[in-house]
Amino acid sequence: MGSKLWNKLKNWLKRFFELEKYDFERVIIDKEVIDNIVELANQTLPKEFIAFLEGKARKKVLRIYGLVYQEYFANPSYTVYKFDPPITSSIVGSVHSHPGPSNRPSSADLHSFSKKGVVHLIIRMPYKAENIQAYDKNGNRISFEVVNSGK
Ligand SMILES: [Zn+2]
């Protein structure tokens, strides 16, 4: 077996097991989390805001119910994920802001996405709920629903 093919297989297996671990078909995000992202992104301007997403998968639905954030390190031109997420199994992905008109992931973003988490959000300017886009770890766009957490 060529090493290219072997790498492909390894990636496929890795992906399969990660999907198994989370095993979801839909992503739902609590409205509270969306509101917090919008607020924090605006507060952090002109710098980028970065946080981790807390959630869990149940009955094929991945629900994101919390934000974990701490002091971030940001550069005006690119984002560096300087800190590691807290050691908890509930971290399912990340969110960060783009102080510009695009919410497409940069190559640095794609590198970070592939390292940890299954859902990554990017909010672009103007910072509003409808300007949040979700991506999977390979940078493919994924859709999500927003629900009222009832709090
Ligand atoms: Zn970015």
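The values are calculated or read from the model by the stated rules, or taken from the named source; none is laboratory data. Source: prediction; values computed, not measured. Positions of Cβ are generated from backbone atoms using ideal geometry, with glycine treated the same way; all protein chains shown enter the neighbour counts.
Only one residue in Phe49, Phe24 is within 19 Å of Met125 (Cα to Cα), modelled with pLDDT of 75 or more, of a type in the set (A, V, I, L, M, F, W, C) and out of contact with any Pro (no Cβ under 8 Å at 6 or more places or on another chain). Which one?
Details: Phe24 fails: within 19 Å of Met125 (Cα to Cα).
Answer to the selection: Phe49.
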Exercise for review: For residues that are among the small types (Gly, Ala, Ser) and surrounded by 14 or more Cβ atoms within 10 Å (Cβ to Cβ), tally how many sit in the stretch 115-135.
Suggested key: 2
**Study point:** Boolean, Gly117 is touching a Leu at 6+ places or on another chain (Cβ under 6 Å), within 16 Å of the ligand (Cβ to nearest atom) and modelled with pLDDT under 95
**Key:** no
Exercise for review: Please work out which residue is modelled with the highest pLDDT, limiting yourself to the stretch 52-64 and to residues that are under 21 Å from Pro105 (Cα atoms) and away from the ligand (no atom under 16 Å from the Cβ).
Suggested key: Ile64
